[in-house]
Amino acid sequence: MLDNIGIDGRLLTFQIINFLVLMIVLNKFLYKPVLKIIQDRQKEIDSGLKLKEEMEEKVESLAKDRENVLKKARIEAQKFLEQKKQEAGKVREKIISDAREEKEEMVASGKREIEANRKEMEKLMQQDVLEIAFNMTQKVLKDTLKKKDHETIIRSQLEKLSKTNS
């Protein structure tokens, strides 16, 4: 039947066998290795893309972490500054309070010293006045009173004076 159309059956069979052998050889030595190389390459590309996505996620995560750390650091720095301002205010108030107390103590000490000086001056003045009065009385009464009367008056005046000083 194939002879009628001009085809040799044996030649066709050999060509079919040759084609099959060529397909098997090409499949084994060319198609499978090329297909394996393409699949390996595709796996590498997929792996690279996956790694790239993971790295981008890590970069984003690290950027968020960095922002959080910076935000926390700013908050802590602000708290630290506020705390130091409060401490400085307390120190300032203490210094002012101490200065006021010192000033008040100095004023009180000055007043005490002035009062002590005033009392001492009064005593000295009293003694001077008494001495002057005594001398004057002595001169005036020297001629008019007897020595005994004179001593009695002086003693009584001295006693009065010492009682007023006490």
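The values are calculated or read from the model by the stated rules, or taken from the named source; none is laboratory data. Everything quoted here is computed from the prediction, not taken from an experiment. Cβ coordinates were reconstructed from backbone atoms using ideal geometry, including for glycine residues, and neighbour counts include every protein chain displayed.
The residues listed here are 123, 64, 84, 163; of these, the one that is out of contact with any helix residue (DSSP H, G or I) (no Cβ under 6 Å at 6 or more places or on another chain), touching a residue at least 40 places away in the same chain (Cβ under 8 Å) and outside any loop (DSSP other than H, G, I, E, B) is 123. Taking the criterion of being modelled with pLDDT of 80 or more, basic (Lys, Arg) and surrounded by 10 or more Cβ atoms within 10 Å (Cβ to Cβ), would at least one residue in segment 124-147 satisfy it? No, because not a single residue in segment 124-147 is modelled with pLDDT of 80 or more, basic (Lys, Arg) and surrounded by 10 or more Cβ atoms within 10 Å (Cβ to Cβ).
Criterion applied to 7, 37, 24 was being surrounded by 10 or more Cβ atoms within 10 Å (Cβ to Cβ), at pLDDT below 95 and not in a helix (DSSP H, G or I), and the one residue passing it is 7.
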